[in-house]
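Working notes for the structure below.
The values are calculated or read from the model by the stated rules, or taken from the named source; none is laboratory data. Here the structure is a predicted model, which means the values were calculated and not measured. Note that we place each Cβ from the backbone using ideal geometry, even for glycine, and neighbour counts take in every protein chain shown.
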Amino acid sequence: MKKYIFVIAFLLINALSFAQTGIIRGTLTDKQSEKPLPAATVELISDPNIAGTTDENGAFSLTNIPVGRQSVRVSFLGYESITVPDIDVTSGKDVIIAVALIESFNTLQEVVISAGNNKARTVNKMAAVSARQFSTEEVNRYAGGRSDVARLASNFAGVSTADDSRNDIVIRGNSPSGLLWRLEGIPIPSPNHFSTLGTTGSPVSALNPNLLANSDFITSAFPAEYGNAIGGVFDLGLRKGNASDYEYTVGVAAFPGVEVMAEGPLGKKGGSFLAAARYGIVGPLGFAGSTAQPNYSDFSFNVDFGKGKLGNVSVFGILGTSNIDLIGKDVELDGDDLFATRDEDQFVKSGFSAFGAKHTIDVGSYSVLKTVVGYSSSNNSIKEDRYYNLDTPEQTKIRFADGENTESRFTFSTLLNSKISNKLTFRTGVLLELFSLDTNLSDRDRQADNDGDGYPDYVNLLDTDGNYSILQPYAMAQYRLTEKLTLNAGVHGQYFSLNEQVVAEPRAALTYALNNANSFSIGYGLHHQNVAAPLLFLNENIGGTLVQTNKDLDLVRSQHYVVGYDTRFADKWRAKVEMYYQAVDKAAVESTPTSYSSLTEGAGFGFSIDKTSLISKGKGYNQGIELTLEKFFSRGYNVLFTSSFFESKYKGSDNIERDSPFNNGYVINALGGKEFKIGKAKQNVFSINGKVTTAGGRHYTPVDLTASIANGYEIKDDLKAYSEQYDAYFRMDIKFAVKLNSSKKKSSHSFYVDFQNVTNNANVFTKSYNRVTQQVNQIDQIGFQPDFGYRYQF
């Protein structure tokens with residue numbers, strides 16, 4: 001730590017005190033038609049003499065901008081003008097922003113909108129309730145974030161991620177498997193390292209936030225273009241590279257690892273490229289929470305070929321690989337390793353990839369056609385050796401489990417967006433996903449010893465090499481009924497080839513602006529999602545023949561009801577309250593009376609392997625109230641307070657209502673940050689950011705210790721399913737950062753130290769049966785842990 005303090009001191013002493021400038025570039029579009037707006041005016045608020053106009057492609061550039069927080073005003077005749085505040089201008093990199101204007105309801109009236117509340121306005125104009133926009137700057141600013149967009153989402157109302165070891169996103173009490181990840185308009189598998197089939201989270205993200213554009217996070221009643229999800233939507237977009245100048249970034253941080261990034265112009269049609277590679281170093285630093293060393297790396301790119309007569313074409317992609325060897329002998333007998341166990345060796349590998357080509361073309365004067373063709377895949381393998389009679393002369397090692405899963409997906413998406421008038425926008429499209437699944441799992445877990453060799457039988461549980469498809473057409477519209485009243489409505493269709501089920505899902509949201517500062521909204525959505533693939537393709541031995549008895553399960557159905565009130569009660573301040581109810585049915589449960597439901601799956605590294613002959617008669621509900629109080633960044637500081645109070649219940653086939661494992665009851669987040677200008681010319685920045693999180697503990701099923709000892713493996717008391725609750729979760733993080741702008745050339749340095757869980761609070765990770773000690777042990781999550789990072793941009 002001393003050497004890091006020395007580095008900070010050295011940089012501060014040499015902080016350059018001469019004035020330096022930066023550049024703000026961007027594009028301006030009509031938010032309804034998504035077409036560029038030429039000849040619009042863009043001016044710097046602090047110096048109106050620094051101004052410019054947009055070209056035929058809606059592009060603009062403001063040069064010689066003093067570094068620091070700046071604001072620009074964008075105006076165009078007949079449109080609502082907008083002010084984009086507190087843009088972080090540095091000397092090392094051009095700032096690239098995207099601005100969208102809305103045509104005035106009354107074209108004779110000029111309306112000025114402050115984008116200080118812009119995070120409340122989603123990138124997708126059709127998302128009217130339970131949604132917010134987030135930026136890369138937020139991901140990198142907040143304490144405890146680990147450069148992970150999923151951990152950023154945990155700060156938002158309605159989201160619970162009280163688990164330091166994984167970034168699963170629990171939205172309003174729904175299973176993490178109910179989340180839809182989208183990238184550039186198409187669904188993708190879990191974009192994480194060490195992910196497994198059917199899950200949506202993991203310990204480490206493979207998404208590089210420095211490549212992301214402003215994106216949307218939606219928690220309920222999402223618009224009609226989103227489907228096959230019942231929990232929420234993470235709709236991510238990639239930013240384009242700098243089309244005017246070459247720029248480079250090198251950096252190192254504890255969790256993302258070593259990073260290099262390059263971007264710049266490409267061709268003569270305004271094209272650009274952007275590419276970045278990262279290699280993880282958390283293992284050698286000892287921050288992994290395990291005796292084993294994880295290895296992971298990822299590569300991301302977005303190449304835009306510019307706009308020609310045939311439209312605009314871009315290609316994008318992400319590729320991630322990871323592996324870890326968990327060796328039992330390295331674990332203490334009663335140790336608290338989060339992932340390894342004393343009497344077994346595990347060898348885990350996983351990979352993730354998503355590639356696509358996107359074509360955008362104008363259709364007439366008021367419509368845009370977007371088409372994306374993509375391919376994605378996720379694969380993981382695990383080999384497990386178990387030691388019997390550990391540390392005795394009779395010690396024997398046998399292969400206990402061997403699994404390998406590969407899911408490939410070809411995706412075709414096309415949508416037509418049309419601005420009918422300044423009051424009506426229409427959007428229609430179709431999404432086709434063709435899945436190829438190759439799974440194989442043989443396991444001894446919970447198997448009988450029918451062959452009499454003294455060990456559980458080695459049974460094949462998954463053996464699938466098949467295909468299935470999902471077709472999703474949709475149509476929706478936004479109609480501004482009056483200047484204050486806006487209706488978003490549509491219908492989403494879904495066809496699932498495995499059971500040949502067809503569903504139609506109406507969606508609607510109504511927003512009424514009481515005045516310029518207050519608005520009221522209501523929303524409804526019907527949503528369906530297929531049961532996770534690891535359950536659908538489980539084998540059941542029927543008369544000596546392996547049969548996949550879950551393939552015909554119905555789509556799980558969820559109805560979302562939302563009521564919200566939003567107020568801007570002061571300059572740059574916003575408060576929002578939302579109440580919701582979600583009714584879930586057609587979940588998968590067992591045919592005999594038990595406490596099991598597929599609604600309880602998805603929080604761990606895998607799914608149940610013994611749940612066959614399931615039926616679609618499970619039910620559940622989620623209900624709650626959420627409060628957000630936010631001061632958008634201005635005057636050098638920001639504040640975010642979110643609280644959620646909720647209830648999540650389910651019924652298995654025994655028809656007994658129980659707490660779900662995701663029923664924390666409450667989640668409270670308090671975040672804040674302050675920037676201080678330093679140096680003689682006040683061109684450098686020192687910042688402090690803090691975060692405090694507390695949440696109710698997760699519900700869990702207690703271990704039946706007597707039965708576990710008798711059988712040699714963990715057996716839970718299913719009659720008491722999720723009847724007990726871990727202690728409340730508490731964590732405090734504090735982050736210090738320095739940003740230095742060069743006065744002589746286009747470059748900047750930034751450095752941060754993030755002290756996570758500074759109180760060293762012992763949050764519970766799990767209470768599980770230890771086969772070696774024959775006891776139920778509590779394993780705590782990671783305690784106090786420092787994170788750090790350095791970045792050089794030039």
Is there a residue in region 175-190 that is part of a loop (DSSP other than H, G, I, E, B), in contact with a Pro (Cβ under 8 Å, 6 or more places away or on another chain) and touching a residue at least 12 places away in the same chain (Cβ under 8 Å)? no
Where the second residue is part of a strand (DSSP E or B) and of a type in the set (Phe, Trp, Tyr) and the first is touching a residue at least 12 places away in the same chain (Cβ under 8 Å) and lies in region 437-448, which pairs have Cβ atoms under 8 Å and are six or more apart or on separate chains? Leu437/Tyr468; Asp443/Phe400; Arg444/Phe400; Asp445/Phe400
Are any of the residues in region 456-475 acidic (Asp, Glu) and not in a strand (DSSP E or B)? yes
Between a first residue in region 382-408 that is at pLDDT below 90 and a second residue that is surrounded by fewer than 16 Cβ atoms within 10 Å (Cβ to Cβ) and not in a strand (DSSP E or B), which pairs have beta carbons less than 6 Å apart while being 6 or more apart in sequence or on different chains? Asn389/Gln395
When you scan region 542-558, how many residues do you find that are touching a residue at least 12 places away in the same chain (Cβ under 8 Å), assigned to a strand (DSSP E or B) and surrounded by fewer than 22 Cβ atoms within 10 Å (Cβ to Cβ)? 2
Just name the residue that is modelled with the highest pLDDT out of those in region 255-269 that are farther than 13 Å from Ser300 by Cβ and surrounded by 20 or more Cβ atoms within 10 Å (Cβ to Cβ). Gly257
Among the candidates Gly68, Gly78, residue that is surrounded by fewer than 16 Cβ atoms within 10 Å (Cβ to Cβ) and either without any contact (Cβ under 8 Å) to a residue 24 or more places away in the chain or of a type outside the set (S, T, N, Q) (or both): Gly78
Expected single match for under 29 Å from Thr545 (Cβ atoms), of a type outside the set (S, T, N, Q) and in contact with a strand residue (DSSP E or B) (Cβ under 9 Å, 6 or more places away or on another chain) among Leu461, Leu485, Leu471 is Leu461
Consider Leu671 against the criteria (1) under 22 Å from the mean Cα position of the chain (by Cα); (2) not in a strand (DSSP E or B): it satisfies all of them except one. Which criterion is unmet? (2)
Sole miss for Val260 among (1) over 17 Å from the mean Cα position of the chain (by Cα); (2) at positive phi is condition (2)
Return the residues of region 72-102 that are farther than 18 Å from Lys125 by Cβ and β-branched (Val, Ile, Thr); say none if nothing qualifies. Val72, Thr83, Ile87, Val89, Thr90, Val95, Ile96
Is it true that Val531 is within 30 Å of Ser608 (Cα to Cα), crowded, with 22+ Cβ neighbours inside 10 Å and either touching a helix residue (DSSP H, G or I) at 6+ places or on another chain (Cβ under 9 Å) or hydrophobic (A, V, I, L, M, F, W, C) (or both)? yes
Condition (residue is surrounded by fewer than 17 Cβ atoms within 10 Å (Cβ to Cβ), aliphatic (A, V, I, L, M) and at pLDDT 90 or above) applied to region 15-35: is it met by at least one residue? no
Answer yes if at least one residue in region 621-639 is small (Gly, Ala, Ser) and modelled with pLDDT of 95 or more, and no otherwise. yes
Which listed residue, of Gly564, Gly606, is at pLDDT below 95 and either buried (at least 17 other Cβ atoms within 10 Å of the Cβ) or in a loop (DSSP other than H, G, I, E, B) (or both): Gly606
Which ones in region 345-381 are assigned to a strand (DSSP E or B) and either without any contact (Cβ under 8 Å) to a residue 24 or more places away in the chain or of a type in the set (Gly, Ala, Ser) (or both)? Ser350, Gly351, Ser353, Ala354, Gly356, Ala357, Ser367, Gly374, Ser376, Ser377, Ser378, Ser381
Which number in (1) within 24 Å of the chain's Cα centre (by Cα); (2) surrounded by fewer than 17 Cβ atoms within 10 Å (Cβ to Cβ); (3) over 21 Å from Ile281 (Cβ atoms) marks the one condition that Gln774 misses? (1)
Quick check: anything in region 209-219 within 28 Å of Val315 (Cβ to Cβ), polar (S, T, N, Q) and over 15 Å from the mean Cα position of the chain (by Cα)? no
